[in-house]
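The values are calculated or read from the model by the stated rules, or taken from the named source; none is laboratory data. Worth saying up front: this structure is predicted, and the values here are computed from it rather than measured. Quick reminder, even Gly has a Cβ in these numbers, built from the backbone with ideal geometry, and neighbours come from all protein chains shown. All accessible areas refer to the heavy atoms of the entire protein, side chains included, with ligands and DNA or RNA removed. Shrake-Rupley method; radii C 1.70, N 1.55, O 1.52, S 1.80 Å.
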Amino acid sequence: MTTADPLVARLAEVVGPTQVLDDPGSCAAFETDWTGRWQGRARAVVRPADTAEVAAVVTACADQGAAIVPQGGNTGLVGGSVPRDGEVVVSLTRLDDLGPVGVDAREVTVGAGATLAAVQEHAAAAGLAYGVDLAARDSATIGGTIATDAGGIRVVRYGATRAQVRRLEVVLADGRIVEGGVGDGGGPSGEPADLGSVIGSEGTLALITSARLRLLQPPRHRAVALLAVSDVAAALRAQEVIVRVAGPLEASELVQAEGLRRVVQGTGQRPPFAVTPPAAVLVEVAGADPVADRLVAAVGAAAEGDPGVLDALVGVDAADRTRLWQLREAHTEALAAAGPVVKLDVVVPLAALAGFVDGLPAIVRGAGGESCEVVVFGHLGVGDLHVNLLGVPTPWVTAVEDAVCAAVVAAGGRPDGEHGVGVQKRAWVPRSRSADEVAAMRATARAFDPAGLLNPGVRLPD
Ligand SMILES: Cc1cc2nc3c(=O)[nH]c(=O)nc-3n(C[C@H](O)[C@H](O)[C@H](O)COP(=O)(O)OP(=O)(O)OC[C@H]3O[C@@H](n4cnc5c(N)ncnc54)[C@H](O)[C@@H]3O)c2cc1C
């Protein structure tokens, strides 16, 4: 700690001087997001140890009218986790308690700073599982995943994070601590606080300090298939047949040729197919009984009479399943290694998905990205796609993003998918939601945070 800023001095009294950072070297990692695209200076970075310290930090900031950026693992991809204009960054990662697993109730209470991987391992040690999973699991926190309502690779089976949350403890913008249920998971009816609106609010309504999560009985058997397909339409047809024959999917993920090539290059893995297909769909089925035969039959049914299904691999043992999954999960890192990537996470109705993806290169070219490479991957089962644009000239970034978002809206979709609105999609909120919806968002924000101190500049349009 270096400055004579009275707020910083007061924060140091609350959390101890070693847990307040205000020199540029120590703050840097908290001031730049995972993509490197969004960054700003923090007034200070504060790392409280528990809920009482979070409340005292927030009270101190509120007394001075100082704005706060809540931060978890800083793996968010829309610019919402880093400061923009001298805010105090409150890092929640030290709130990483893992409560005892309630095996009969199938639930666990964990601190907001616990990582997704730590919660998954904790649940697995008690013979249960947590229904959310994503490639950033080692760093992304429970608080961050709740604040963004993260989807991830199991979303098609278990829903997004909202579906896993029973109760929340939060610190409000004035420092009060509130605990309450969420939807029907909150216990006795008539409970005063339903904190459901905090889920997906991206740090603008309250700081999440702990959560009671639903757990589930993990399936005993799993099998994964990777189908090489001619295009997205064929991927969607294959997905439909596989669901019909094999039952509900645990996951259904789309990748494209250029993404596969980069992953193979980046991981050193053998190419999965002799000829890299234009696209591929990875599906996983699971159940209490062996599922491999069911998946093989479903893949056979998908290929029969459909020239769009070009080839298929099935992985049953753990090593083969991991190898196939790596081809999908290594995408974000492999693309990031290729240079600056403009990333847009969007949701498009399944009926319009193939036309949207096929039309993307022309849309991007038309908006100034003539030489840029378009790589799409993501959660095919729910139409949530990650559009990655490599080589977009800096002056054209906004125009290209706007053109893609406009195409999403024209296709009946939403430009903010599972990653949230953040800073990146703020301007698109009024263009993809009705005026009444935006008014309701503003009214909720005013009710929770009348002074507008929590994550200003994120989620709500100006
Ligand atoms: C390789 C990779 C793969 C990814 N895959 C997926 C995916 O499949 N699905 C998906 O949805 N996302 C994915 N993401 C994005 C990211 O991991 C998620 O958005 C995640 O939920 C962010 O968690 P975090 O702890 O890192 O939050 P941060 O990045 O720190 O914060 C994200 C937002 O939440 C707010 N916030 C954080 N903690 C709290 C808190 N305790 N209380 C209140 N607000 C808080 C922040 O202010 C910010 O607005 C991926 C990211 C990477 C790098």
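Let's test the formula: R0 of 25 Å, r as the Cβ-Cβ distance of Asp436 and Glu179. What FRET efficiency results, to the nearest 0.05? Efficiency computed from Cβ-Cβ geometry: 0.25. Tally the DSSP beta bridges in segment 1-152 and give the antiparallel ones as a percent, rounded to 5. Beta bridges within segment 1-152, antiparallel portion: roughly 45 percent. Around the Cα centre of segment 243-357, unit charges on the Cβ atoms of Lys, Arg, Asp and Glu (plus for the first two, minus for the last two) sum to a dipole of about 320 debye. Here segment 280-346 yields Rg over Rh of 1.07, to two decimals, using C-alpha coordinates and the Kirkwood radius. Taking Asp174, Asp289 and ordering them by how much accessible surface each has at a 1.4 Å probe, largest first, produces Asp289, Asp174. Projecting the Cα atoms of Ser81, Thr394, Val275 onto the dipole axis of the chain, where Lys and Arg carry +1 and Asp and Glu carry -1 at the beta carbon, places Val275 farthest toward the positive end. Averaging 1/r over every pair of different alpha carbons in segment 339-436 and inverting the result gives a Kirkwood radius of 13.3 Å. Surface composition of segment 339-436: carbon and sulfur atoms hold 60% of the protein heavy-atom accessible area at a 1.4 Å probe. Note on Trp396: accessible area is roughly 120 Å² with a 1.4 Å probe, heavy atoms of protein only. The Kirkwood radius of segment 221-332, taken over pairs of alpha-carbon atoms, gives through the Stokes-Einstein law at 10 °C and 1.306 mPa s a diffusion coefficient of 116 µm² s⁻¹. Computed with a 1.4 Å probe over protein heavy atoms only, the accessible area of Ile208 comes to about 10 Å². Here the peptides 282-288, 337-343 are ranked by packing, the mean other Cβ count within 10 Å, and the order with the highest first is 282-288, 337-343.
Dividing the C-alpha radius of gyration of segment 351-405 by 2.2 N^0.38 Å, with N its residue count, gives 1.11.
For segment 103-177, just list the percent of Cα-Cα distances falling in each 5 Å bin from zero outward, please. Spelled out per bin, shortest first, that is 3, 16, 26, 27, 17, 7, 4, 1. Charging the Cβ of each Asp and Glu at -1 and of each Lys and Arg at +1, and nothing else, the dipole of segment 17-134 about its Cα centre rounds to 280 debye. Computed log10 I(q)/I(0) for the chain at 0.07, 0.08, 0.11 Å⁻¹: -0.36, -0.48, -0.91, from the Debye equation with unit scatterers placed on every C-alpha and solvent omitted. When both segment 26-49 and segment 366-443 are represented by their alpha-carbon centers, they are found 25 Å apart. If you wrap a convex hull around the C-alpha atoms of segment 38-168 and split its volume per residue, what is the figure in Å³? Enclosed volume per residue, from the Cα hull, is 106 Å³.
Based on DSSP H segments of at least four residues, each scored -39500 (n - 2.57), the chain has a per-residue ellipticity at 222 nm of -10000 deg cm²/dmol. Between amide H atoms placed 1.01 Å from N, distances below 5 Å from Thr209 occur with Glu169, Val170, Val171, all of them 5 or more places distant or on a separate chain.
Helix 350-366 and the longest principal axis of the C-alpha atoms of the chain enclose an angle of approximately 80°.
On the principal axes of its alpha-carbon atoms, segment 142-245 has extents of 55, 28, 21 Å, going from largest to smallest. Between the helical axis of 232-246 and the longest alpha-carbon principal axis of the chain there is an angle of about 90 degrees.
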